[in-house]
């Protein structure tokens, strides 16, 4: 047996605090070292109990979870899993340094609660291995100056990510020009949140970003993000036109949507006319699909260990020979532009 992960549960609801603490305590790999009703109590308990991971409610009295994160991370970086109602505030929390989030369940349904606890336990275990304390100034990504220009053989850019991916994808897309070739993305995320995430990116990036729907055409200047939930995203081709299809399916590699499903379809339909990018995340989803893309002639990029929150997916892809170039997050946008322009 390895060392147990010490967890501090922070939530203003006594019922929810105790429910979470009891649920976590059932897992042999986790020790709940304490609970806190607000962030001021949490601050003292962090110093006394030295937890490995925090679970933190977004909505808290006196100071909300996001403000607490902004104060905590520069001084005492700890892996944090946010517990949130359905709200785009979770992306503010991820931006402030949280590793991941889970959605609060309906406490009336036992199945909902069990599903929530299983997801929370998995994400706590992943968070315990995550690299935290990255400061924005350490990896500020320069925006590409100028435009890409129209070309007849625009490649498809396919991106896959999991834990830590929401911020990594933002850093890349935010740096790209508005006429970049079309991009398709799988980010492991629950349903509803993918639409919120797409809207958030659309409001802050030069490219148009939307949650994908079957039939959406992949065109320059557009980013299509696979919807979370029960659908896998594939690409298809009619003549010279590429489009996406969102098809209901079972989980692959533990995920739906799966990065491998997307990458496999890109290899089949676009071949060498594609670029694959695998980013931070736990597990191996996307590695075999990226290898298939590389064997089909596509350029493939992997995020390096230093800049990955969790160096899992990129490591597996690198180890099996799927990655042509392994680079830091801050350099991926410029490398994509250079590849499209024929300079790399």
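The values are calculated or read from the model by the stated rules, or taken from the named source; none is laboratory data. Note that the coordinates shown come from a computational prediction; the quantities given were computed from them, not determined experimentally. No Cβ is skipped: glycine too gets one built from the backbone with ideal geometry, and neighbour counts run over all protein chains shown.
Assorted remarks:
- Restricting attention to the stretch 281-331, the residues that are under 15 Å from residue 169 (Cα atoms) and either surrounded by fewer than 20 Cβ atoms within 10 Å (Cβ to Cβ) or more than 15 Å from the chain's Cα centre (by Cα) (or both) total 6.
- Per-region count, the stretch 197-225, residues closer than 20 Å to residue 160 by Cβ and in contact with a helix residue (DSSP H, G or I) (Cβ under 7 Å, 6 or more places away or on another chain): 10
- Selected residue (only one of 147, 194 is out of contact with any helix residue (DSSP H, G or I) (no Cβ under 8 Å at 6 or more places or on another chain), outside the structural domain of residue 52 (by TED's automatic domain parsing), more than 30 Å from residue 2 (Cα to Cα) and modelled with pLDDT under 95): 147
- Among the candidates 317, 333, the residue that is in the same structural domain as residue 270 (by TED's automatic domain parsing) and touching a strand residue (DSSP E or B) at 6+ places or on another chain (Cβ under 7 Å) is uniquely 317.
- Any hit, the stretch 182-191, residues being out of contact with any helix residue (DSSP H, G or I) (no Cβ under 8 Å at 6 or more places or on another chain), in contact (Cβ under 8 Å) with a residue 60 or more places away in the chain, buried (at least 16 other Cβ atoms within 10 Å of the Cβ) and farther than 18 Å from residue 93 by Cβ: yes
- Of all residues in the stretch 236-250, none satisfies being out of contact with any helix residue (DSSP H, G or I) (no Cβ under 8 Å at 6 or more places or on another chain) and within 25 Å of residue 95 (Cβ to Cβ).
- Selection of the stretch 65-109 for residues being within 15 Å of the chain's Cα centre (by Cα), over 20 Å from residue 192 (Cβ atoms) and either in the same structural domain as residue 195 (by TED's automatic domain parsing) or at pLDDT below 95 (or both) yields 96, 97.
- Of all residues assigned to the stretch 237-247, at least one qualifies as being more than 18 Å from residue 172 (Cβ to Cβ) and outside any strand (DSSP E or B).
- Any hit, the stretch 26-44, residues being in contact with a strand residue (DSSP E or B) (Cβ under 7 Å, 6 or more places away or on another chain), at pLDDT 95 or above, under 16 Å from residue 130 (Cβ atoms) and not assigned by TED's automatic domain parsing to the domain that holds residue 280: yes
- Within the stretch 273-292, one or more residues are modelled with pLDDT of 95 or more, in the same structural domain as residue 332 (by TED's automatic domain parsing) and out of contact with any helix residue (DSSP H, G or I) (no Cβ under 9 Å at 6 or more places or on another chain).
- Failed condition for residue 251, given (1) surrounded by fewer than 21 Cβ atoms within 10 Å (Cβ to Cβ); (2) more than 20 Å from residue 212 (Cα to Cα); (3) out of contact with any strand residue (DSSP E or B) (no Cβ under 7 Å at 6 or more places or on another chain): (2)
- Subset of the stretch 1-23 [touching a residue at least 40 places away in the same chain (Cβ under 8 Å), under 18 Å from residue 122 (Cβ atoms) and in a helix (DSSP H, G or I)]: 19, 20, 23
- So residue 130, is it in contact with a strand residue (DSSP E or B) (Cβ under 6 Å, 6 or more places away or on another chain), at pLDDT 90 or above and under 25 Å from residue 169 (Cβ atoms): no
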